[in-house]
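Notes to accompany the following structure.
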Amino acid sequence: MKIVDANVVVTSPGRNFVTLEIATDEGLTGLGDATLNGRELAVASYLTDHVVPLLLGTDPHRIEDTWQYLYRGAYWRRGPVTMAAIAAVDVALWDIKAKAAGLPLYQLLGGASRERVRTYGHAGGRDVPELFDSIRARLAEGYPAIRVQTGVPGLTKVYGVRSEAELAEESAGRGRVARPVVEDWDTDAYLRHIPRVFEAVRGEFGPELPLLHDAHHRLTPIQAARLGKELEPYRLFWLEDCTPAENQEGLRLVREHTTTPLAIGEVFNSVHDYRTLVDEQLIDYVRSAVTHFGGVSPLKKLFDYAAQHQIKSAIHGPEDISPVGMAAAIHLDLAVHNFGIQEFSGHTALTNEVFRHAYTFADGYLHPGEEPGIGVELDRELAAAHPYAPSYLPVNRLQDGTVHDW
Ligand code: CS2
Ligand code: MG
């Protein structure tokens, strides 16, 4: 079999997605997700200008060799743009291989290790009553675990905190912004507030519901250590991205002070970003996305490495991972032994029409379906009817104007 064509499709059915479609001389096609939120066109160009010409004429069955060729051959290694581009190739080739075998991808990854894939959903509210409503909405949708984010008194706009109405606006694409929105931040106010929020949530929803919280890299190690300690009575499933992730050594201090489980990795793009964290067992969950980590091949290797340290998988699955990236994730979730949990927010009805997928979400659990390959089809016409629209992630400033991690 030979690759005869490859195209990059940038579409915006509410938010931007970058998709690579590879076609072979035997009529099989494969899809890969290369979406990098806020920097989409950089990956599209990397693929179109520098990767697609190298793929034409090559054997799509040689996934590992192609991966190494693109990674080592470029000389300039790692980085989100490069690794999202390589991820799209990797997933598209796995899609083709699994279709050629007539099997769903998870069968090629070792087969199912479980019947279904546990998820967590997002709840948020500007204040506690609004948060409770949002938690109730997620519970009604069947989510067995819930990420809890809230507004902080005195701050006007905090990442991850939206009313249900704002969330609907955003998913419909009306939240797209041509320049980053500026949010505000005060760490002391946040640290004073969050333990009280979790106390209230436990009081209302009881001791059993698995609760997660994302600190989005905004704390120093000593601040994160204190937060982890103060949240211990509320027994979190995890505290996510508590410190700037690139300082792996910083997590030592957090770990020494708290038994709150730690999760990290959505901004990582290679195993080297995890070395200290895994070797020293400083975290409990690795949270990279298939789409940003170079694909299914390297993420499976990371999970196998993490398993030796009793660390579990928790693939990043926000709305900005396309259904193609989600499908690849769900196949991997079903197959790996050290699966932990899968983040899942779902997509709008329009997005699900552009990317028709075999995976299903029922009672809070996902299943990849039994279609050969990853089980996603791209409706090119519908995709073309919703062209790219510039959109940015927010920035965060302290009250004196200093830029802060968001
Ligand atoms: C978040 C993401 O899903 C998460 O845990 O941290 O929403 C993240 O902010 C976005 O994927 C950025 O594009
Ligand atoms: Mg996060």
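The values are calculated or read from the model by the stated rules, or taken from the named source; none is laboratory data. What you see is a predicted model, and the numbers here were worked out from it, not measured in a lab. Methodologically, a virtual Cβ is constructed for each residue, glycine included, from the backbone with ideal geometry; neighbour enumeration extends over all protein chains shown. In case anyone asks, the SASA skips ligands and DNA or RNA and just uses the protein heavy atoms, side chains included. Shrake-Rupley method; radii C 1.70, N 1.55, O 1.52, S 1.80 Å.
Relative to the longest principal axis of the Cα atoms of the chain, the long axis of helix 63-73 makes an angle of roughly 70 degrees.
For the chain, the relative contact order works out to 23 percent when only alpha carbon pairs closer than 8 Å and six or more residues apart are counted. Positive-end ranking of Thr259, Val290, Ile330 along the dipole of segment 214-366, with charges on Cβ about the Cα centre, is headed by Thr259. When His61, His309, His337, His50 are compared by accessible area at a 1.4 angstrom probe, the order from most to least is His337, His50, His61, His309.
Considering segment 108-371 at the alpha-carbon level, its Rg and Dmax are found to be 17.8, 52 Å.
Only helical runs count toward this figure. For the chain, summing -39,500 (n - 2.57) over DSSP H runs of n ≥ 4 and dividing by all residues gives -10500 deg cm²/dmol at 222 nm. Projecting the Cα atoms of Leu209, Ala42, Asn247 onto the dipole axis of the chain, where Lys and Arg carry +1 and Asp and Glu carry -1 at the beta carbon, places Asn247 farthest toward the positive end.
Computed over protein heavy atoms with a 1.4 angstrom probe, the accessible surface ordering of Ser345, Ser134, largest first, is Ser345, Ser134. Percent of accessible area on the chain owned by carbon and sulfur, 1.4 Å probe? On the chain, the fraction of accessible area on carbon and sulfur atoms equals 51 percent. Springs join every pair of Cα atoms under 10 Å in this Gaussian network model of the chain, and among Gln223, Gln68, Gln149 the largest mean-square fluctuation is at Gln68.
A 1.4 Å probe over all protein chains sorts Tyr388, Tyr69 by accessible area into Tyr69, Tyr388, starting with the largest. When both segment 114-174 and segment 1-43 are represented by their alpha-carbon centers, they are found 30 Å apart.
When the alpha carbon gyration tensor of segment 3-104 is reduced to an equivalent ellipsoid, its three semi-axes come out at 21, 17, 11 angstrom, largest first.
The string of couplings for segment 355-363 from the Karplus curve (6.51, -1.76, 1.60, θ = phi - 60°) is 10, 6, 10, 7, 6, 10, 10, 9, 6 Hz, one whole number per residue in order, with x for Gly and Pro. Surface calculation, 1.4 Å probe, protein heavy atoms: Glu199 sits at approximately 100 Å² accessible.
Computed with a 1.4 Å probe over protein heavy atoms only, the accessible area of Ile222 comes to about 110 Å².
Quick check: the angle from helix 187-205's long axis to the longest principal axis of the chain, C-alpha only, nearest 10 degrees? Orientation of helix 187-205: about 90 degrees from the principal axis.
Using the 1.4 Å probe convention, the accessible area of the chain works out to 40 Å² per residue with neighbouring protein chains retained. For Arg77, the solvent-accessible surface computed with a 1.4 Å probe is close to 120 Å², ligands and nucleic acids excluded.
Taking the Cα centre of the chain as origin and assigning +1 to Lys and Arg Cβ atoms and -1 to Asp and Glu Cβ atoms, the resulting dipole is close to 500 debye. Helix 80-101 axis versus longest C-alpha principal axis of the chain: approximately 60°, rounded to the nearest ten.
Over the chain, how many pairs of lysines fall under 30 Å by alpha carbon, counting only those 8 or more apart in sequence or from different chains? Counting lysine pairs in the chain gives 14.
For the pair segment 271-309 / segment 335-406, the C-alpha centres are spaced 21 Å from each other. Across segment 167-174, rounded Karplus estimates of 3J(HN,Hα) from the backbone phi angles (6.51 cos²θ - 1.76 cosθ + 1.60, θ = phi - 60°) give 4, 5, 4, 5, 5, 7, x, 7 Hz, Gly and Pro being marked x.
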